[in-house]
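The values are calculated or read from the model by the stated rules, or taken from the named source; none is laboratory data. What you see is a predicted model; the values in this text were computed from it and never measured. Cβ placement follows ideal geometry from the backbone for every residue including glycine, while neighbour counts extend to all protein chains displayed.
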Amino acid sequence: MAEPSFVEHNGKRLLLLDYSGLTPPEIIAYMQEAKRVIAAEPHQSVRLLSLVTRIQVTNDVVTALEEFATHNAPFVLASAIVGATSFQKAAIALSITSMGRLNVETFDDEEEAKDWLAAR
């Protein structure tokens, strides 16, 4: 499992979270590590790029995602999610936007997501 890491795109710093292929317990553990990284950043500064190809969204993952989004809200400027299935997009959007976070978009293409984040 790769550590959360910062990457540069069009002169902007993006935090890459690669959940691809992780099991639900691994996803939840990865979120815990990512929370520590995000909390060390200034408020409204994090451009978050999450790769979610080949993951299983369980009730435990949704609950962890809601907690993750709430914790990170003060720090995240914008969030892009790449690789979600239609069902996952709906679940993610419902979980995050129900908490008032409107700065989240889903994408099929990683470069398009990076461009969107860098424009924020």
### Which listed residue is outside any helix (DSSP H, G or I), touching a Leu at 6+ places or on another chain (Cβ under 7 Å), closer than 18 Å to A91 by Cα and not acidic (D, E), from L22, L16, L49
L49
### Which numbered condition E66 misses (of (1) assigned to a strand (DSSP E or B); (2) touching a helix residue (DSSP H, G or I) at 6+ places or on another chain (Cβ under 6 Å); (3) of a type in the set (D, E, K, R))
(1)
### Task
Test V7 against the stated conditions and say whether it is hydrophobic (A, V, I, L, M, F, W, C) and outside any loop (DSSP other than H, G, I, E, B).
yes
#### Entry: Some residue of region 36-46 being under 13 Å from the mean Cα position of the chain (by Cα), at pLDDT 95 or above and within 17 Å of L117 (Cα to Cα)
yes
### Summary
Checked S20, S50 against criteria (under 24 Å from D108 (Cα atoms) and surrounded by fewer than 21 Cβ atoms within 10 Å (Cβ to Cβ)); the one match is S20
### Query
Based on what the data block shows, is H71 surrounded by 15 or more Cβ atoms within 10 Å (Cβ to Cβ) and touching a residue at least 60 places away in the same chain (Cβ under 8 Å)?
no
### Task
For region 34-45, state whether one or more residues are touching a residue at least 40 places away in the same chain (Cβ under 8 Å) and either of a type in the set (F, W, Y) or more than 19 Å from T85 (Cα to Cα) (or both).
no
### Summary
Pairing a residue in region 1-22 that is within 15 Å of W116 (Cβ to Cβ) with any residue that is surrounded by 12 or more Cβ atoms within 10 Å (Cβ to Cβ) and of a type in the set (D, E), where Cβ atoms lie under 9 Å and the two sit 6 or more apart in sequence or on different chains, gives H9/D115; N10/D115; L15/E41
#### Entry: Residue identified as surrounded by 13 or more Cβ atoms within 10 Å (Cβ to Cβ), within 21 Å of M1 (Cα to Cα) and among the hydrophobic types (A, V, I, L, M, F, W, C) among A80, A39
A80
### Query
Out of (1) of a type outside the set (V, I, T); (2) modelled with pLDDT under 95; (3) under 14 Å from the mean Cα position of the chain (by Cα); (4) closer than 23 Å to D108 by Cβ, the odd one out for A2 is which?
(3)
